[in-house]
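Peer 1: Have a look at this one before I ask anything.
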Amino acid sequence: MNTRRADRLCFWLFAGPALAGFLAFSLWPMLYSLWLSFCQYEVIAPPRFIGVQNYVYLFLHDPSFWASVRVTLAFTVVQVPLALIAALAFALLLHQPVKARGFWRALYFLPAILPQAAYAVIFGYIFQGDGGLLNQLLALGGIEGKAWTMSAGWALPVLIMMSLWAFGYPMVIFLAGLQAVPRELFEAAHIDGAGAWARFRHITLPLISPVILFNLVMGVIAALKVFDLAYAFSITQNIPPGGPARATLFYGLNLYQQAFGFFHMGLASAMAWLLFLFIMVVTAINFRISRRWVHYEN
């Protein structure tokens, strides 16, 4: 009995502060933001309940809402598969028994720990239309460069290329998955005459499918919440946030502007909850598709 009481006491000594912190700093702000999403709240006056008018305004009247949705979805559809392919390719490369393998792994992981603002500065200089490094290299070949960062058609592809530079975290997770694959399976397949592609297709991919799903889900969530890269890009290029011509107006950036640029806290809360619900739906779809794919593979 004394042992049970001691266990309970230890449990609440550690779990109590964590639970209190969750209630105070996570659950309560979430519930309060849900309440604000049904209110008109401009900070200088108390919240005023208006029902679903914020949501109606976003869907039917806000010109920036659907523009930010289109930009974010386009970014997600293109960036996430490219990032997964790059991370898996480098993980396969660094999984090989080469000299100084730890050094090369650390070197390729290094860009992932750099802040997004650093990417914006570096790639902003590379793709800058006037005197940028890329245009200087193109001029050596007699090719006239473009104003990449100032073009509504090229600004989003430039941001996608910036984001692909930081593939270190999914690469490390892929490496962990590859190391868990038994070597005996590859040796048996090699003895049976299976080539490199056949071993990758029938052994590696099925066994690391949970890792692929994890990186896919995390990549989609991160892509849907992009903010700092687009914000730093606009500052370094001296253009309005989301420019040029709303070509880089990501959903997170639009939410930030509504909340802290225009102080439409109720509207921003509604946008945040729509994003939360959309991420939940997309994640559920990913899990449903993955279960069917695993069942098909088996």
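Just so you know, all these numbers are worked out from the coordinates, no wet-lab data involved. Note that the structure is predicted; figures quoted are calculated from it, not measured. Because the Cβ atoms are built from the backbone with ideal geometry, glycine has one as well, and the counts that use them run over all protein chains shown.
Peer 1: Kirkwood Rh over Cα pairs of region 219-280 into Stokes-Einstein at 25 °C, 0.890 mPa s: D in µm²/s?
Peer 2: 205 µm²/s
Peer 1: Based on the Cα gyration tensor of region 54-297, what are the three equivalent ellipsoid semi-axes, each the root of five times an eigenvalue, rounded to whole Å and given largest first?
Peer 2: 37, 26, 14
Peer 1: Another question, then. Stretch residue 205-residue 192 to full length: gain in nm at 0.36 nm per residue minus the Cα-Cα span? Please list the in-between numbers first.
Peer 2: Values: separation 13, 0.36 × 13 = 4.68 nm, distance 1.86 nm.
Going from the current span to full extension adds 2.8 nm.
Peer 1: Which residue, 214, 90, 200, tops the fluctuation ranking in a GNM of the chain built on C-alpha contacts under 10 Å?
Peer 2: 200
Peer 1: Quick one: work out Rg over Rh on the C-alpha atoms of region 127-262, Rh as Kirkwood radius.
Peer 2: Details: Rg = 21.4 Å, Rh = 18.3 Å.
Using Cα coordinates only, the ratio equals 1.17.
Peer 1: Does region 205-248 classify as rounded, prolate or oblate by the C-alpha gyration tensor (a ≥ b ≥ c root eigenvalues; a/c under 1.5 gives rounded; else a/b over b/c gives prolate, otherwise oblate)?
Peer 2: Taking the square roots of the gyration eigenvalues as a ≥ b ≥ c, region 205-248 is prolate.
Peer 1: Which value in deg cm²/dmol, rounded to the nearest 500, describes the helix-derived mean residue ellipticity at 222 nm for the chain, given -39,500 (n - 2.57) per DSSP H run of n ≥ 4 and division by the residue count? Could the numbers behind the result be given before it?
Peer 2: Values: 15 runs with 198 residues, N = 298.
Theoretical 222 nm ellipticity from helices: -21000 deg cm²/dmol.
Peer 1: What list of ³J(HN,Hα) couplings, whole Hz, do you get for region 49-64 from phi and the Karplus terms 6.51, -1.76, 1.60, once you set θ to phi - 60° and write x for glycine and proline?
Peer 2: 5, 10, x, 9, 5, 4, 5, 5, 4, 4, 6, 10, 10, 6, x, 8
Peer 1: Quote the relative contact order of the chain in percent (integer), defining contacts as alpha-carbon pairs under 8 Å separated by 6+ residues.
Peer 2: 28 percent
Peer 1: What area, in nm² and to one decimal, does the C-alpha convex hull of region 28-148 cast on average over all directions?
Peer 2: Result: 14.2 nm².
Peer 1: How far apart, in nm, are two points set 7 Å out from the Cα along the Cα-to-Cβ line at residue 27 and at residue 184?
Peer 2: That separation, rounded to one decimal, is 4.7 nm.
Peer 1: Under 19 Å from a label point 7 Å along Cα→Cβ of residue 86: give me every residue in region 137-151 with its amide N that close.
Peer 2: 148-149
Peer 1: Then there is this: List the residues whose amide H sits under 5 Å from the amide H of residue 39, counting only those 5 or more places along or on another chain, with H placed 1.01 Å from N in the peptide plane.
Peer 2: Residues meeting the criterion, in which the H sits 1.01 Å from N, are 50.
Peer 1: May I ask you to list the residues of region 92-116 whose amide nitrogen lies under 19 Å from a point 7 Å from Cα along the Cα→beta-carbon direction of residue 228?
Peer 2: The answer is 109-116, whose backbone nitrogens lie closer than 19 Å to the label point.
Peer 1: Using a/c under 1.5 as the rounded threshold, could you call region 22-96 rounded, prolate or oblate? The axes a ≥ b ≥ c are square roots of the C-alpha gyration tensor eigenvalues, and prolate needs a/b larger than b/c, oblate otherwise.
Peer 2: Working: a/c = 4.86, a/b = 1.93, b/c = 2.52.
Oblate, since a/c reaches 1.5 and b/c is not below a/b.
Peer 1: Can you compute the FRET efficiency between residue 125 and residue 93 using 1/(1 + (r/R0)^6), with r the Cβ-Cβ distance and R0 = 30 Å? Round to the nearest 0.05. Write out the running numbers ahead of the final one.
Peer 2: Working: r = 28 Å, r/R0 = 0.94.
Using R0 = 30 Å, I get an efficiency of 0.60.
Peer 1: Classify region 79-183 as rounded, prolate or oblate, taking a ≥ b ≥ c as the square roots of the eigenvalues of its Cα gyration tensor: rounded when a/c is under 1.5, otherwise prolate if a/b is larger than b/c and oblate if not.
Peer 2: It is prolate, given that a/c is not under 1.5 and a/b is the larger ratio.
Peer 1: If the elastic network links every pair of Cα atoms under 10 Å, which of 23, 138, 216 fluctuates the most in the Gaussian network model of the chain?
Peer 2: 23
Peer 1: Top mean-square fluctuation among 170, 182, 47, Gaussian network model of the chain, C-alpha springs under 10 Å?
Peer 2: Result: 182 has the largest fluctuation of those listed.
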